[in-house]
């Protein structure tokens with residue numbers, strides 16, 4: 001099932017409503033869209049530049065410029081919802097948030113733009129007219145985008161040993177070898193593998209959560225216990241794919257550069273994307289009629 005979007009006219013073509021105001025020549029949907037677009041661009045530009053400088057244009061493009069395709073999709077969908085917001089009154093607090101966002105984008109603090117975006121998203125969720133409004137949808141989506149781009153990394157930095165040990169335990173369980181912390185013995189006594197932070201499944205889990213949020217928001221689906229099982233299945237699938245990749249490295253260390261390099265990373269990234277999208281789509285389709 002393909003997620004459907006409602007067709008709406010551009011804000012500029014909508015008739016003026018009572019109490020509508022402009023700020024720097026923009027109505028409310030235009031202003032909110034610009035705020036999120038500037039924050040997203042400022043936060044993501046450094047990752048794009050890093051990917052191009054390290055891997056070149058071709059591999060950077062294949063790897064979606066160091067940013068998951070799910071994140072790119074979230075940004076696009078979030079901006080679309082922001083553009084469809086009802087052009088109501090822009091109050092003083094809206095103006096303050098917009099000015100603060102503009103000023104934040106002038107500072108060379110690219111990674112710290114994500115937590116600021118979280119605050120802005122929460123503000124627009126709290127001031128929306130309802131949970132099914134376009135403003136609430138945009139807020140929830142941009143808040144969810146900040147999870148894999150910032151908050152999951154902060155969580156990992158605090159509990160890195162725990163998360164890496166989980167990955168190592170799963171790999172050791174498959175290979176039948178010994179494990180010490182995040183170090184796993186290779187099959188056949190070929191040596192040892194150390195599972196480092198970039199190889200953790202944590203980042204992929206946060207992307208699966210984002211994908212689930214996108215599907216639920218686009219389809220106006222309520223969060224129910226049964227529906228959350230599909231979210232859990234999506235998370236489990238990306239962990240399985242990542243662990244399988246690490247296990248292959250253990251069995252075939254002579255192909256380390258292929259499995260662990262840009263090509264291997266691209267294959268795993270796109271495979272994870274396809275599997276997660278299929279699971280989330282199927283889960284949303286079957287969860288519509290769920291009462292649990």
State whether one or more residues within the stretch 73-81 are loosely packed, with under 14 Cβ neighbours inside 10 Å and modelled with pLDDT of 90 or more. yes
For the stretch 24-36, state whether one or more residues are surrounded by fewer than 20 Cβ atoms within 10 Å (Cβ to Cβ), without any contact (Cβ under 8 Å) to a residue 12 or more places away in the chain and in contact with a helix residue (DSSP H, G or I) (Cβ under 7 Å, 6 or more places away or on another chain). yes
Does residue 204 count as buried (at least 19 other Cβ atoms within 10 Å of the Cβ), at pLDDT below 90 and touching a helix residue (DSSP H, G or I) at 6+ places or on another chain (Cβ under 6 Å)? yes
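Yes/no matrix, rows are residues, columns are (1) assigned to a helix (DSSP H, G or I); (2) surrounded by 14 or more Cβ atoms within 10 Å (Cβ to Cβ); (3) in contact (Cβ under 8 Å) with a residue 24 or more places away in the chain; (4) in contact with a helix residue (DSSP H, G or I) (Cβ under 7 Å, 6 or more places away or on another chain):
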site: 168; (1), (2), (3), (4): yes, yes, yes, no
site: 188; (1), (2), (3), (4): yes, no, no, no
site: 208; (1), (2), (3), (4): yes, yes, yes, yes
site: 214; (1), (2), (3), (4): yes, yes, yes, yes
site: 230; (1), (2), (3), (4): yes, yes, yes, yes
site: 242; (1), (2), (3), (4): yes, yes, yes, yes
site: 246; (1), (2), (3), (4): yes, yes, yes, yes
site: 254; (1), (2), (3), (4): yes, no, no, no
Report the residue count in the stretch 53-72 for those that are in contact (Cβ under 8 Å) with a residue 24 or more places away in the chain and in a helix (DSSP H, G or I). 7
Here is a check on your reading of the model: is residue 236 touching a helix residue (DSSP H, G or I) at 6+ places or on another chain (Cβ under 9 Å), surrounded by fewer than 17 Cβ atoms within 10 Å (Cβ to Cβ), modelled with pLDDT of 85 or more and assigned to a helix (DSSP H, G or I)? yes
Does residue 126 count as loosely packed, with under 15 Cβ neighbours inside 10 Å and touching a helix residue (DSSP H, G or I) at 6+ places or on another chain (Cβ under 9 Å)? yes
Is there a residue being in a helix (DSSP H, G or I) and over 18 Å from residue 121 (Cβ atoms) anywhere in the stretch 76-89? no
For the stretch 240-272, which positions are modelled with pLDDT of 90 or more and more than 22 Å from residue 177 (Cβ to Cβ)? 271, 272
Is one or more of the residues making up the stretch 132-152 under 30 Å from residue 78 (Cα atoms) and in a loop (DSSP other than H, G, I, E, B)? yes
Name the residues in the stretch 123-148 that are without any contact (Cβ under 8 Å) to a residue 40 or more places away in the chain and closer than 21 Å to residue 70 by Cα, would you? 136, 139, 143, 146
Members of the stretch 170-186 found to be farther than 12 Å from residue 247 by Cα and either in a helix (DSSP H, G or I) or in contact with a helix residue (DSSP H, G or I) (Cβ under 8 Å, 6 or more places away or on another chain) (or both), listed by number: 178, 179, 181, 182, 183
Where residues in the stretch 190-206 are touching a residue at least 40 places away in the same chain (Cβ under 8 Å) and part of a loop (DSSP other than H, G, I, E, B), which of them is farthest from residue 143 (Cα to Cα)? 190
Considering every residue within the stretch 105-117, establish whether at least one is in a helix (DSSP H, G or I), under 19 Å from the mean Cα position of the chain (by Cα) and without any contact (Cβ under 8 Å) to a residue 60 or more places away in the chain. yes
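The values are calculated or read from the model by the stated rules, or taken from the named source; none is laboratory data. Keep in mind that what you see is a predicted model, and the values were worked out from it rather than measured. Cβ: placed from backbone, ideal geometry, glycine included. Neighbour counts: every protein chain shown.
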